[in-house]
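Working notes, beginning with the structure itself.
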Amino acid sequence: MPVYSMTGYASAQHTPGGNAEIATPAACLALELRSVNSRFLDVVLRLPDELRPHEPALRELIAKRLKRGKVELRVSVEAAAGGALPDVPVRTLQRLAAAQQQVRVWLPEAAPLSVADALRLAAGDSAASPALGEALLPLARQALDELVAARQREGARLLALLQERITALRALAAQAAPLVPQLVQAQRQRFLERWQEALGAAPASEAVTQAAQERALAEATAFAIRIDVAEELGRLAAHLDEIEAVLQKGGETGKRLDFLIQELHREANTLGSKSATLELTRISVDMKVLIEQMREQVQNLE
């Protein structure tokens with residue numbers, strides 16, 4: 001399955017006569033879909049009053065296709081432009097005339113309705129027709145298809161960025177692995193030399209010399225245990241393997257990847273706290289930078 005981002009945008013419009021399946025006599029629909037990051041699916045609908053009865057169907061449609069993200073659906077109804085004037089029903093004109101008379105009874109100085117006002121109000125009246133509601137859901141499906149495609153394209157880009165960071169983290173882990181044995185060997189040699197220098201300052205028996213050597217080796221062993229990062233590097237590699245497996249599987253990956261990124265950060269922190277060389281410290285810092293970049297990208301995934 002593909003990996004989807006939670007960020008996307010899509011729009012769709014329908015004008016009268018543009019589709020035989022959708023009949024809108026004198027109005028056109030303009031629909032916009034935007035989605036951004038969110039822990040859960042949060043759907044916000046901004047509909048004209050005449051289309052609010054379709055809100056449950058729109059929510060159900062979105063919930064079937066999207067799992068996470070803050071999704072805003074905005075619909076506007078506009079009078080059709082660029083064609084012949086719409087046919088205004090006589091009943092609509094009668095209602096407008098009656099409303100105008102009633103208003104002028106109380107507001108004698110009110111301006112009379114112009115032709116443009118009458119056409120605009122008539123278009124708003126016709127927008128409430130069942131045909132306009134029937135046009136809404138097919139148009140929403142079209143925009144939702146485009147939004148899902150946009151989120152998939154953005155997800156593919158995020159996947160490539162994450163894979164680059166994973167490769168870089170593996171390279172840093174490979175650099176860190178041989179540093180600890182080298183450091184332990186050098187430290188062991190230093191311990192032995194110091195004990196030998198201390199014993200050389202005063203006469204000592206063979207038993208004392210043997211005990212001093214054993215003490216030096218014990219100190220070196222304790223030092224090796226204290227700075228050993230093999231376990232951290234092993235867990236880091238295991239987390240990277242799991243992240244790659246989740247990305248390869250696709251689908252809803254965001255929450256699981258967010259947890260794995262936290263575990264990666266913990267291993268990098270432990271690696272830094274055990275660091276006994278500047279080189280290992282540098283590797284730990286570079287790892288944290290890459291992991292933080294991964295965290296930012298993962299928070300965009302569905």
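The values are calculated or read from the model by the stated rules, or taken from the named source; none is laboratory data. Computed from a predicted structure; not experimentally measured. Because the Cβ atoms are built from the backbone with ideal geometry, glycine has one as well, and the counts that use them run over all protein chains shown. What goes into the accessible areas is simple: the full protein's heavy atoms, side chains included, and nothing from ligands, DNA or RNA. Shrake-Rupley method; radii C 1.70, N 1.55, O 1.52, S 1.80 Å.
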Of the residues in the stretch 245-302 that are of a type in the set (Val, Ile, Thr) and within 23 Å of the chain's Cα centre (by Cα), the one that is farthest from ALA176 (Cα to Cα) is THR253
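Does ALA216 satisfy the criteria of being modelled with pLDDT under 75, assigned to a helix (DSSP H, G or I), over 25 Å from ARG39 (Cβ atoms) and open to solvent by 10 Å² or more (accessible area, probe 1.4 Å)? Show your work before the answer.
Working: modelled with pLDDT under 75: yes; assigned to a helix (DSSP H, G or I): yes; over 25 Å from ARG39 (Cβ atoms): yes; open to solvent by 10 Å² or more (accessible area, probe 1.4 Å): no.
The answer is no for ALA216.
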Tally time: how many residues in the stretch 77-123 are at pLDDT below 75 and either in a strand (DSSP E or B) or farther than 29 Å from LEU139 by Cβ (or both)? 2
Of ARG68, ARG52, ARG39, the only residue that is modelled with pLDDT under 95, among the basic types (Lys, Arg) and open to solvent by less than 70 Å² (accessible area, probe 1.4 Å) is ARG68
For ARG165, indicate whether it is touching a Gly at 6+ places or on another chain (Cβ under 8 Å), on the phi < 0 side of the Ramachandran plot and in contact (Cβ under 8 Å) with a residue 40 or more places away in the chain. no
